[in-house]
1. What number, in nm² with one decimal, is the all-direction average of the projected area of the convex hull of the alpha-carbon atoms of the range 149-211?
2. Assign one of three labels to the range 75-198, namely rounded, prolate or oblate, based on the Cα gyration tensor with a ≥ b ≥ c the square roots of its eigenvalues; rounded applies when a/c is under 1.5, prolate when it is not and a/b is larger than b/c, and oblate otherwise.
3. Please give the Cα centre distance for the range 76-90 versus the range 269-300, rounded to the nearest Å.
4. If I model a spin label at R492 and A164 as a point 7 Å from the Cα along the Cα→Cβ vector, what separation in nanometres do I get?
5. With the dipole of the range 276-379 worked out from charges on the C-beta (+1 for Lys and Arg, -1 for Asp and Glu) around the Cα centre, which of A370, T306, V336 lies farthest toward the positive end?
6. Can you list the residues, at least 5 places off or on another chain, whose amide H is less than 5 Å from the amide H of A287, using H built in the peptide plane?
7. If each Cα of the chain is one equal point scatterer, what is log10 of I(q)/I(0) from the Debye formula at q = 0.05, 0.06, 0.09, 0.11 Å⁻¹?
8. Can you give the accessible area per residue of the chain, in Å², using a 1.4 Å probe?
Amino acid sequence: MEIKARDLIAAGWREDARMGMVLKRARELEATGLDRAGVLAALEADFPKLALRAELRSTPAGCSEAIAAETPAEIASVAASRARMLELLHVPVIKRGALMPDTCPAGAGIATIPVGGAIEVENALLPGAHSADICCSMFASFFADNRPVGELMDHLWASTHFGAGGRPRGKQFYSTLLEEPVWDNPFLAGLQGRAREFLGTQGDGNHFAYVGRIEFTPDQHRAIARAGDTDLAAAIERREGGFHVLVTHHGSRALGANVYKHGMIEARAWMRQNATSIPEAAAWLPADSREGRDYWAALQFVARWTRVNHALIHDEFLHRVGLRPLAQLGNEHNFVWQRGDAFYHGKGATPAWRDAKGRPLLGLIPLNMAREILIVLGGDNDEFLSFCPHGAGRNLSRKAMLAPYRDAEGDIDPARVKQVLAETTGGLDIRWFNGAPDLSETPLGYKDASKVKEQIERFQLASVVGEIHPLGCIMAGQAAEPPWLQKKREKRAAHKAARREWTTENEE
């Protein structure tokens, strides 16, 4: 007797969008002469029976907090982060979570992981828990040079590219990475052109290119040598008088944004078939599913692309100054890492653990454009999932932070901007690629750097083994207002003027 849909349901297959495909395959197997038991056994290999639909837990998984809030703004920021994290920790695949000293809300959506949030996950990849800026990361090149800071900054300006879009044709960078046989991966399909176009670019927001100076103490040198970073340890031993350092911060640009977008689409589709009441921000793909394996492979390529992107900008800069790097190091945030059977997701949190040989990872933690960048050795503190902060974080959103500096028309007085920059970045060579400063990216926009630094040590997240002191920094800054937005503003202003005129006439 021909197998019916009800027979498959009775045998344990779910009545969902796959049922048509499952039934078609069952009929094909029947046509080969297999008996009913053989058909069902073969069908299980092609279309595994799905577990019961996943649901939110009634109580959240545990969450540790490596942060001490003191001021009203800090307390409010941490409370908002905690609320979002507690929503996320009801998701059944999450085993536990942690909040870092840089924590702040990354959005108001239910279960949106906050900046400075980390989670340990069982057999699942959550695109929302690493965000669209996949593998945003830090990268440093140490070099021996004593030329004027302004000259170095001129070369850096000519080497990098900030703002919307990629590099124009004729000025694009190239890497053999673009020829890797990855473009048949469904999460990378059609993105080879974007990967090429955006090489050598840094984007906007809090991304930066920073030139600083460092001198290591004998104790710091010994700590780095013990950690196994032979290149940096050897460079310190050879070089007296310290180094200049180029540090860049950026993510995976349009490549990563598109991988994230496709990942969220697939994760939400999987949720619709296999879960109930899971917030969209917490949608996941099983790591051992075909989609999960493809997504994991795409993430690894995005990580390689981002590392190469850093290296190309550094190579261009060092070529212009006629030098080679004496040592290089980098670390990632906004990513997923596998340790044993668990998948660790960090949004604005960076690994601070030990490698397979028990050596602590060496990483970089920026604080703001006018403060030192910390070189740290990971504390591998399991209480906080062995993460540390990726930077200083914010107590206020960009909009809220800028509000006191705007006039009645919503504009910021250029004289006030100049005054603020002089007060917060005086003596440094600060440049804005788009021409206009962005006050939300000055030190005023971030948490107290000294407090963040103190909390890294207080909670034993990492140990500081060097400080790169600032000389100059390039950021995107405010882009020129696009014509469509300018017209919209002018139209709104004209409408307000007309209403005021109508009101005045009628009052008279």
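1. Directional mean of the projected Cα hull area for the range 149-211 stands at 5.6 nm².
2. oblate
3. The distance from the Cα centre of the range 76-90 to that of the range 269-300 comes to 22 Å.
4. If labels sit at R492 and A164, their model points lie 1.6 nm apart.
5. Towards the positive end, the residue furthest out is A370.
6. Here A124, L125 satisfy the definition.
7. For the requested q values the scattering log ratios are -0.24, -0.34, -0.71, -0.99.
8. Result: 46 Å² per residue.
The values are calculated or read from the model by the stated rules, or taken from the named source; none is laboratory data. Every value quoted in this text rests on a predicted model; they were computed, and no experiment measured them. Quick reminder, even Gly has a Cβ in these numbers, built from the backbone with ideal geometry, and neighbours come from all protein chains shown. Just so you know, the surface numbers come from the protein's heavy atoms only, side chains and all, with ligands and any DNA or RNA stripped out. Shrake-Rupley method; radii C 1.70, N 1.55, O 1.52, S 1.80 Å.
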